[in-house]
Each structure stands twice: as structure tokens, then as C-alpha cells.
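Read the structure below first, then the notes.
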Amino acid sequence: LLATGFYRTRLRRDRFPGVAVLCYHGIRHDREVRGPLPFEELHVRASELEGHCRLIREECHPISLRDWLAADQQERELPSRPVLVTFDDGYESVFTRAKAILETYQIPAVVFVSSGAVRRGGLFWYDRAAIRYDEASVETAKSLPHDQWQQWEQAIVDVEASAELRVLTPAQVGELAAHPLFEIGGHTVNHPILANADEPTQRREIEENRRELEAWTGSEVSVFAYPNGRPGIDYTERTTMLVCGLGYRMAFSTRSGFASIEESRWERPRFLMLSGITTEELAHRLAFSWRRKASAESIR
Ligand SMILES: [Zn+2]
């Protein structure tokens, strides 16, 4: 509490060097202990998210994507400590757990949805593969040429999975899009490593995903997040050109850093949020440690 008080005071007098875009994935229940989840640290506990949201509401300035796009057009100024909350992939727990917390603190969010699993109603390929094999095999598969990866992941049989790994339904995607706090963003159909695919495949992944999301939401999908997101490794300049050419207005990587207005709007950096980041730790990172030289992180 003492530490939180100190960093909170520091934060209150602060001006961020750009937007702090927080990148979450799933939200798990505090008490459920049903054995290990694959990539467990990507599923932040509900109480942790609640602490983060309280801090953001009390000491920072939560912004919406609309606020940011308007600031990009010089229609308005961003506040001094802008924070944008994002969720990658499209876990159902965003709908069943995060939504209520964000409503309590009135914090806007963008949910980047990979539409293939949503349409089919199964798991994301990396969760399926990690349960069937292990997490290491997922990392190996990410470096395969696209066709080989596709054959490999399509051959994995269905697996029994914890409810925590469930994926949003198309109807839930529509409900989130209609909610005043939420916006839906693109994240490809099948969540491939785009850099491993040829240009027509990349285009198809990005275009079809957007078309599906717009059909489910009935509105324009204007932002995109690169799967896995490391610049030059998971996507290339060619991918960025495609995203820009397809009419997206902003895109997000997983490079760690504040998103300054001077940098490219097609590669906005974000901060990865993992389970175990306490409220005090988040205050410390926002006020101090995230100011240091950013480094690339490997995430989905
Ligand atoms: Zn992802």
C-alpha cells in the first residue's frame, strides 16, 4: 500500500510520452484451480484486472479508440496520461468477466478478434496444440512455412479444454461492438504468423477476417493487431502495406513502448499484461520502468 501510494503520487504529476496501450488476452476466475492452462500467464485474474482498472481510472486517463483516431486527425487533444485497454484473440472471458469490470470503472476497450475459431466454435490453434502436445511445440510450429504450419495445425484432433479457453461467439462479438465501451478490431482469420505466408495468403487472412467481423458487428472495423506482433519476425513491411492498403486506420504490434503520436500509426507499440502484475507493479511500470528503452517481447 505504501508503494502504491508513492507511485500513485508520482503518476498523478506525470505526463506520458505517448499512449500506454495495455495488451491483455483472457481473464480467469480468481478461485478456479482446475490444473494448468496453456500459456497460463496470458489469462490475468479478474481481481488483477479490477486493480488495474481502478488505478487507470483514478490516476490515469482511459481513452477510447475514437478519442485516439480523433486526436490523429487533430480534432482533439489527448489527455496527459492516456491509457487504451486492448484484448487480443477473442476469449469469451472478455465478455463474461472483463466487461463487467470495465463497466464498473467506465474504461473503454478494443477487442482484436481472430474470427476462424469464433465461426467454428472451437479453440484457438495454439491452445489446442498446447493441450494436445505442449507449449514448446507451439513455438516450433510458429517458425514453419505457412503451408506446413497449416497442415500441422489442421491435423490436431479436438481436445477437452477448460472453460477458461472458450472463444467468443459471433453473437457476443456483435454485442460487444454495440456496447458503448467496446470496439472490435481485426486479428486475422486463423492467427498465422503472417511473415511466414506469401502475400495472397496474408491478404486473404486480413481481408476475410475484416469481412466476417463487419458482418457480425454491422459496423466498420477500423483497427488491426498483428498476430504474435513482433516487428520483422511475425509480420513484415509487406504486411503493414497490406493493412494500410485495405483501409485500416491504425495497427498494433507487440513491441513494448508508449505509442507516441510521431511514430507510425501502422505499428503502434503496446505493453503486454500478464498474470502476476499487481496494481503496485503497474503503477511502478507506468511511472518508471516502462520509460526505459523498450524491447520486443514475444506474445500472441
Ligand atoms: Zn493474438
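The values are calculated or read from the model by the stated rules, or taken from the named source; none is laboratory data. If you're wondering where the values come from, they're calculated on a predicted model, not measured in any experiment. Every residue, glycine among them, receives a Cβ derived from its backbone with ideal geometry; neighbour counts consider all protein chains shown. Keep in mind that these areas ignore ligands, DNA and RNA; they rest on the heavy atoms of the full protein, side chains included. Shrake-Rupley method; radii C 1.70, N 1.55, O 1.52, S 1.80 Å.
Of note:
- Summarising the amide proton neighbourhood of residue 272: residues at separation of 5 or more, or on other chains, whose placed amide H is nearer than 5 Å comprise 23.
- The simple Förster model, with R0 at 51 Å and r as the Cβ-Cβ distance, assigns residue 151 and residue 15 a FRET efficiency of 0.50.
- Peptides 184-196, 56-68, ordered by how many other C-beta atoms sit within 10 Å of their residues on average, highest first, read 184-196, 56-68.
- Spread over its residues, the convex hull of the C-alpha atoms of region 50-131 is 122 Å³ per residue.
- Burial ranking of peptide ranges 128-136, 111-119 (average Cβ count within 10 Å, highest at the top): 111-119, 128-136
- Within the accessible area of the chain (1.4 Å probe), percent carbon and sulfur: 47 percent
- Measuring nothing but how far apart in sequence close Cα pairs (under 8 Å, 6+ apart) lie, relative to its length, the chain scores a relative contact order of 23 percent.
- In Hz, Karplus ³J(HN,Hα) per residue of region 113-121 (6.51, -1.76, 1.60; θ = phi - 60°; x = Gly, Pro): 10, 8, 7, x, 5, 5, 5, 7, x
- Full extension of the chain segment joining residue 66 with residue 135 gains 21.2 nm, where the gain is 0.36 nm per residue of separation less the Cα-Cα distance.
- Per residue, region 1-114 exposes an accessible area of 43 Å² to a 1.4 Å probe, with every protein chain left in place.
- If R0 is 41 Å, the Cβ-Cβ spacing of residue 160 and residue 74 corresponds to a FRET efficiency of close to 0.20.
- Rounded accessible area per residue of region 151-246, 1.4 Å, Å²: 44 Å²
- Relative contact order [Cα under 8 Å, 6+ residues apart], region 4-132, whole percent: 31 percent
- As a size descriptor, the averaged projected area of the C-alpha convex hull of the chain was calculated at 14.7 nm².
- When DSSP beta bridges are restricted to pairs lying wholly in the chain, around 10% turn out antiparallel.
- Helix-derived mean residue ellipticity, 222 nm - over the chain, DSSP H n ≥ 4, -39500 (n - 2.57), to 500: -11000 deg cm²/dmol
- From most to least packed by mean Cβ count within 10 Å, the peptides 37-46, 222-231 give 222-231, 37-46.
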